[in-house]
Each structure stands twice: as structure tokens, then as C-alpha cells.
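In what follows, a single structure is set out as C-alpha cells and then discussed.
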Amino acid sequence: MSVISEEGVRGENLFKDINAEDDDWQPTEIESMCMNCHQNGMTRLLLTKIPFFKEVIVSSFNCTNCNWSDTEVQSAGRIQEQGVCYTLKVKTKLDLNREVVKADSATTRIPELDFEIPPFTQKGALSTIEGLLDRAGAEKIAAFVLRLRSLKEVGEEFTLVIEDPSGNSFVENPAAPRRDEALAVTHFKRSFKQDAQLGLRADDDVEEEEEEEEEPAANDLDTMRGEVLAFDTNCPECCAPASTNMKLVQIPHFKEVIIMATNCDACGHRTNEVKSGGATEDLGTRITLRVTGAADMTRDVLKSETCNVAIPELEFELGMGAVCGKFTTLEGLLADVKDLVVAKNPFVCGDSGGSDRVRKLRAFGEQIDRIVAGELEARVVLDDPAGNSYLQNVYAPEPDPEITVERYTRTYEQNEDLGLNDMKTDGYQEEEKKKEEEKD
């Protein structure tokens with residue numbers, strides 16, 4: 001699959017910023033068939049940039065024979081490394097004003113109505129929650145129209161789920177950079193079928209992969225520990241053929257993990273991801289490091305996919321799944337946090353970015369830079385209910401005076417998040433007992 005890039009032809013950019021004063025910048029006109037009367041009409045293509053979508057293709061068709069016209073906006077950006085799922089609890093009418101980017105590959109669900117808009121049945125849109133409800137009500141079954149409109153009154157809470165395998169959809173967090181209690185964001189690996197829907201795999205490849213999954217895999221751990229396993233994949237940046245390496249690694253004073261690294265020779269893109277090599281621990285782990293200087297930035301950090309990251313001094317908390325599992329340094333982890341909250345936030349630029357919001361997020365980024373430079377003392381908290389995260393103790397095997405490690409019993413909700421809701425742990429029993437007492 002080829003991706004239109006921002007690199008130009010003959011040294012010029014294909015995509016330009018919207019500028020009404022640029023008289024030389026004209027759309028490309030292509031004669032094409034009208035889908036209404038099957039006569040020839042004219043399609044105009046304009047490659048430009050708008051907030052969040054960044055590079056887009058605006059196409060407009062007009063037929064002089066039957067006067068039929070059609071306009072469409074398509075994202076020309078790359079497909080992200082992972083899919084993304086936003087689950088928002090809509091509690092008040094203010095939530096309806098949240099800005100939303102819904103890619104055409106996204107699935108939109110409202111569980112309370114047993115309502116779903118499948119992927120690739122609507123064009124991509126930049127809208128609000130209210131706009132999505134209006135659009136769904138206009139295009140879907142008439143029986144849902146009144147119920148959808150009643151949601152706009154928010155007489156009772158409802159849940160909005162936007163699940164996008166391309167990873168290009170987004171739901172606004174009005175409290176950024178602080179955690180949004182009503183919004184849950186999880187990232188997931190695409191299935192082979194979803195890769196095929198996005199054009200990242202051929203249909204034949206999907207059938208071969210499914211056949212291989214049905215065959216029993218070898219379980220020779222000794223061989224895996226001594227070798228680097230490699231398998232073919234596609235680069236998440238340019239979609240060119242690439243190779244992913246996987247190896248079992250023993251982290252000193254911790255446990256065994258699986259490190260996966262993808263390197264692309266075509267564009268130089270590199271990614272790394274870490275999976276726990278063991279089972280979920282009996283207790284959750286909360287690791288708190290008091291950062292006292294720039295030297296702390298070189299500490300090794302293993303952040304699992306189930307780990308929450310918090311910086312109390314900045315009133316910041318990042319939920320599990322927002323950043324994939326990584327084996328990096330503390331500086332690398334903070335750089336990922338800054339990149340996710342500031343650089344990749346689509347509503348801090350252009351018309352979508354309010355001045356107060358932009359100023360707040362930029363100030364947050366500057367505080368992260370001060371922590372990295374050792375100019376601001378702060379605490380970094382890794383809270384992992386699965387107990388599979390790690391922060392290097394530079395005094396090992398002696399205790400580290402700057403690190404506090406707490407082990408705790410998971411709550412029933414945390415067991416649900418980890419897929420352990422059938423486990424009758426002490427935390428489960430306590431939670432059930434508490435619910436019974438509240439009923440009495």
C-alpha cells in the first residue's frame with residue numbers, strides 16, 4: 001500500500017496550508033463519469049492541510065448534465081502503529097460539545113441503545129458528540145431517531161464508544177493534561193482482518209496467517225532465550241516490508257520479559273514494545289521515585305501495558321494502555337508522556353485550539369522539560385495492578401532511598417480491567433461485602 005507523503009515532487013510539497021491569498025494554488029481538474037446519469041462530469045482535487053487531519057484530500061464532483069454534485073474529504077495521513085478505542089461516559093450537556101475526529105474506519109457504538117455504526121459506512125468527519133448524534137439520526141434506522149435525539153438532553157447517562165483500528169480517531173479531554181475520569185482510552189493490536197480492511201495486508205496473507213495460528217506453536221523456551229526470532233511485517237510509518245525481532249530478556253532483580261523491535265530500512269522508522277514474559281502477579285505494585293536530579297533520567301524503566309503513570313506535582317495521571325509497553329529510560333518515558341499529551345493532541349492547533357488550553361498544555365510540556373533537566377523535583381509513580389512494571393534500583397541489591405515500592409490487593413474493577421473478574425480474591429470479596437453493606 002502506498003501512502004501519499006508530505007514530501008513533494010520536484011522539491012515542492014504536495015500538501016499546502018490553507019491560504020486564500022495564494023492565487024497560484026489551484027485545484028486539479030479531472031474529467032470523470034457521473035455516478036447519477038453516467039455522463040462525463042468534472043472532479044476537482046485539492047491537497048491541503050487542516051487542523052488535526054493535517055494532510056487531507058478534498059474532492060468535489062459536479063455534473064453539468066444532471067446537476068448532481070458530491071463533496072468528500074479523505075485523510076492522507078499514515079495509519080498509526082496501533083488501533084485506538086475511546087469510551088466516554090456522557091454525563092452532562094457540556095459533554096456534547098467535545099470535539100471528535102471520527103475516521104471512516106472507526107466503529108461508533110452506544111451500548112445503551114444497542115446501536116452501532118460499522119466501519120467504512122460513513123465518511124470521516126471532524127465534529128462534536130452532538131454532531132455525531134445528529135448525523136447518526138439522519139442516516140440510520142428511523143426507529144432510533146427519537147431515542148438518539150433524547151440522548152442530547154442527557155436525561156440519563158449513556159456511553160459512547162469509538163473504536164478505530166487505524167488509530168486516527170480522537171475524543172477531546174477538556175481537563176488535559178489532567179486525567180479525564182469520564183474517558184477511557186485503550187490501544188490494541190489490529191487483527192489480520194483489520195489489517196486487510198485498511199489495505200495493509202492482502203486477503204491471501206490473512207488466510208495464511210489464520211492457518212498458521214491454528215497449528216500448535218513450538219514451546220522450546222531454552223531455544224527462544226538464546227535466539228532472536230524474526231518475522232516479516234509492515235512498517236507502521238511507510239507501510240513498506242519490514243522485519244520485527246523478538247527476544248526473551250531477563251531483567252536483573254526483576255523477571256523475564258519479551259522485547260519486540262521493528263526496524264524499517266526504507267524510512268528508518270524504529271519502534272520497540274515490551275510484553276511481560278510471566279503471569280499476572282498476585283498483588284499490584286505501586287513504585288514511586290523521587291526525582292532529585294538529571295542523573296535519575298538514565299534509570300531503566302519497564303512500563304507494561306497495564307501500568308498507570310502519575311506525576312502528583314503536575315496533577316497528571318496517564319491511564320493504562322495510553323502508552324504501549326516499553327523498556328526505556330525514565331527520560332524516554334517522560335518524552336513519550338510529553339509527546340502524547342502535547343505534540344499529538346490534535347486540538348491544540350488551528351481553530352480547534354483555545355488559547356487557555358494551548359497555554360496550559362505548553363506549560364505542562366515545559367514542566368516536563370524542567371524535570372528531565374533536573375531543575376524541578378517531582379515524583380514519578382508507576383502503578384501497575386498486574387505487578388509487571390519495573391524501575392531500576394541503582395543501589396541494588398541494597399534498597400534505593402529514592403524509591404518506594406508498595407504492594408496492594410487489586411479491587412474488583414481492576415480485576416475486570418485485567419480480565420481476571422472470575423478470580424475470587426480478597427479484594428473481590430471486600431468489594432462485594434461493601435456493596436452488600438450499601439444495599440442494607
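Is there a residue in segment 251-269 that is in a strand (DSSP E or B) and either within 18 Å of the chain's Cα centre (by Cα) or on the phi > 0 side of the Ramachandran plot (or both)? The answer is no, given that none of the residues of segment 251-269 is in a strand (DSSP E or B) and either within 18 Å of the chain's Cα centre (by Cα) or on the phi > 0 side of the Ramachandran plot (or both). The residue list GLY167, GLY131, GLY124 contains one member that is among the small types (Gly, Ala, Ser), surrounded by 15 or more Cβ atoms within 10 Å (Cβ to Cβ), out of contact with any Cys (no Cβ under 9 Å at 6 or more places or on another chain) and closer than 24 Å to ASP417 by Cβ, which is GLY167.
Checked against (1) in contact with a Ser or Thr (Cβ under 9 Å, 6 or more places away or on another chain); (2) at pLDDT 80 or above, LEU333 passes all but condition (1). So if I check each of THR298, THR306, THR288, which one is in contact (Cβ under 8 Å) with a residue 40 or more places away in the chain and surrounded by fewer than 19 Cβ atoms within 10 Å (Cβ to Cβ)? Only one candidate passes the filter, namely THR288. Residues in segment 78-102 that are of a type in the set (A, V, I, L, M), over 13 Å from the mean Cα position of the chain (by Cα) and outside any helix (DSSP H, G or I) were compared, and the one that is farthest from LEU126 (Cα to Cα) is VAL90. Total residues in segment 7-47 satisfying the condition of being modelled with pLDDT of 85 or more and not in a loop (DSSP other than H, G, I, E, B): the figure is 10.
Just give me the residues in segment 382-401 being surrounded by 18 or more Cβ atoms within 10 Å (Cβ to Cβ) and within 20 Å of GLY293 (Cα to Cα), in sequence order.
Listed by number, the residues that qualify are LEU382, TYR390, LEU391, GLN392, ASN393.
Selection of segment 163-180 for residues being of a type in the set (A, V, I, L, M, F, W, C), assigned to a loop (DSSP other than H, G, I, E, B) and in contact (Cβ under 8 Å) with a residue 60 or more places away in the chain yields only ALA176. Filtered by the rule that a residue be among the hydroxyl-bearing types (Ser, Thr, Tyr), farther than 15 Å from ILE311 by Cα and in contact with a strand residue (DSSP E or B) (Cβ under 8 Å, 6 or more places away or on another chain), segment 361-414 gives SER389, TYR390, TYR408, THR409. The number of residues in segment 192-205 that are assigned to a loop (DSSP other than H, G, I, E, B) and touching a residue at least 24 places away in the same chain (Cβ under 8 Å) comes to 4. Filtered by the rule that a residue be under 20 Å from PRO385 (Cα atoms), of a type in the set (A, V, I, L, M, F, W, C) and in contact with a helix residue (DSSP H, G or I) (Cβ under 8 Å, 6 or more places away or on another chain), segment 291-329 gives VAL301, VAL309, ILE311, PHE316, LEU318, MET320, ALA322, VAL323.
I'd like the residue in segment 291-333 that is among the small types (Gly, Ala, Ser) and touching a Gly at 6+ places or on another chain (Cβ under 8 Å) and, out of all such residues, is farthest from VAL274 (Cα to Cα). Reasoning before the result, please.
First, pick out the residues of segment 291-333 that are among the small types (Gly, Ala, Ser): 293-295, 304, 310, 319, 321-322, 325, 332.
From what is left, the residues that are touching a Gly at 6+ places or on another chain (Cβ under 8 Å) are 293-295, 304.
Values: GLY293: 27, ALA294: 25, ALA295: 24, SER304: 7 Å.
Filtering segment 291-333 for residues that are among the small types (Gly, Ala, Ser) and touching a Gly at 6+ places or on another chain (Cβ under 8 Å), the one farthest from VAL274 (Cα to Cα) comes out as GLY293.
Checked against (1) modelled with pLDDT under 75; (2) on the phi > 0 side of the Ramachandran plot, GLY387 meets all criteria but (1).
I'd like the residue in segment 126-160 that is in a strand (DSSP E or B) and out of contact with any Pro (no Cβ under 7 Å at 6 or more places or on another chain) and, out of all such residues, is modelled with the lowest pLDDT.
Just the residues of segment 126-160 that are in a strand (DSSP E or B), to begin with: 126-128, 158-160.
Keeping just the survivors that are out of contact with any Pro (no Cβ under 7 Å at 6 or more places or on another chain) gives 126-128, 158, 160.
Values: LEU126: 71, SER127: 80, THR128: 87, PHE158: 85, LEU160: 89.
The extreme case among them is LEU126.
Identify all residues within segment 302-333 that are under 22 Å from the mean Cα position of the chain (by Cα), more than 26 Å from ARG190 (Cα to Cα) and hydrophobic (A, V, I, L, M, F, W, C); write none if there are none. ALA310, ILE311, PHE316, LEU330, listed by residue number.
The values are calculated or read from the model by the stated rules, or taken from the named source; none is laboratory data. Values in this document were obtained by computation on a predicted structure and should not be read as measured data. Backbone-built Cβ (ideal geometry, glycine too); neighbour counts: all protein chains shown.
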